[in-house]
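**Q** Sending over a structure as structure tokens; questions will come in a sec.
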Amino acid sequence: MDESTRLTPERRSALAEATVTEFARAGYEGASLNRIIRAAGMSKSSFYHFVGSKDELFDTVVRMLIADVAALWTAPAPAEFAEFGARAFWRHVDELLEQFAALSATPALQHLGRIFYLPGTAVSASGARAELLGTVRAWVEGMLRTGRTSRAVRDDLPLDLQADIVFAALRAIDEWALADGAITAERAAVAASAPGLVLRRLLAT
């Protein structure tokens with residue numbers, strides 16, 4: 001059973017906000033469960049009935065946020081882009097990026113973005129965050145393969161290097177947009193247009 005279903009929507013939201021804020025502020029190792037409990041307005045008994053450790057809390061909240069985002073939007077399969085030519089490929093990529101940018105105003109995606117790149121080996125090797133990173137990586141590589149097939153994406157670099165470049169570019173944009181903890185309207189506008197511009201410059205034939 002999904003542990004988050006034990007909580008009311010209000011308590012669930014408060015716990016997600018408190019957890020993300022603490023991990024983003026203090027890092028994984030420095031995050032304090034006591035501060036999270038206080039910020040979420042929970043008693044210690046109810047908190048530890050819900051989760052038993054920092055690892056479990058982090059994993060549960062990440063899965064909660066992934067589910068919230070997935071309920072709003074699902075990325076199309078890379079194979080759906082196979083029928084497009086070079087120009088149409090990038091036009092559809094732009095449409096996809098516009099859809100994703102529209103989600104940037106949602107608390108779930110903002111929270112997920114703040115801890116998606118969180119450093120620390122304790123959260124990088126396994127769990128929901130690692131699964132998400134693996135899923136996104138596989139999707140990016142699938143899109144690159146499809147783009148190469150349609151001759152929309154250059155093929156003079158190794159595929160895994162291109163995927164690394166995509167991750168690095170998108171991470172830089174995400175971290176810039178979230179530098180103040182929440183996306184302002186001005187930064188959201190730049191972050192919405194920047195991925196398409198940057199990826200075309202780096203990858204387009």
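The values are calculated or read from the model by the stated rules, or taken from the named source; none is laboratory data. All values reported here derive from a predicted model rather than from experimental measurement. Glycine also receives a Cβ, built like all others from the backbone with ideal geometry; neighbour counts cover every protein chain displayed.
**Q** (1) within 27 Å of Leu170 (Cα to Cα); (2) in contact (Cβ under 8 Å) with a residue 40 or more places away in the chain: which one isn't true of Leu103, the others all being true?
**A** The single condition Leu103 does not satisfy is (2).
**Q** Moving on to the next point. Restricting to region 69-102, what's the tally of residues that are in contact with a Ser or Thr (Cβ under 8 Å, 6 or more places away or on another chain) and not hydrophobic (A, V, I, L, M, F, W, C)?
**A** Counting residues in region 69-102 that are in contact with a Ser or Thr (Cβ under 8 Å, 6 or more places away or on another chain) and not hydrophobic (A, V, I, L, M, F, W, C) gives 2.
**Q** I would also like to ask the following. Quick one: which residue in Asp160, Asp155, Asp164 is among the acidic types (Asp, Glu), farther than 25 Å from Thr19 by Cα, at pLDDT 90 or above and loosely packed, with under 14 Cβ neighbours inside 10 Å?
**A** Asp160
**Q** Under the condition of being of a type in the set (Gly, Ala, Ser) and within 18 Å of the chain's Cα centre (by Cα), which residue from region 190-205 is surrounded by the fewest Cβ atoms within 10 Å (Cβ to Cβ)?
**A** That would be Ser193.
**Q** I've got another one for you. Search region 32-79 for residues being under 16 Å from Ala14 (Cα atoms) and basic (Lys, Arg), and hand back the single one that is surrounded by the most Cβ atoms within 10 Å (Cβ to Cβ).
**A** Step by step, filter region 32-79, then rank; the result is Arg63.
**Q** Let me ask you something else. Quick one: would you say Ala128 is modelled with pLDDT of 80 or more and in contact with a Lys or Arg (Cβ under 9 Å, 6 or more places away or on another chain)?
**A** In short, yes.
**Q** Counting just the residues of region 1-31 that are among the charged types (D, E, K, R) and surrounded by 14 or more Cβ atoms within 10 Å (Cβ to Cβ), which one comes out farthest from His111 (Cα to Cα)?
**A** Checking each candidate, the answer is Glu3.
**Q** What single numbered condition from (1) touching a Phe, Trp or Tyr at 6+ places or on another chain (Cβ under 9 Å); (2) without any contact (Cβ under 8 Å) to a residue 60 or more places away in the chain fails to hold for Leu170?
**A** Condition (1) is where Leu170 drops out.
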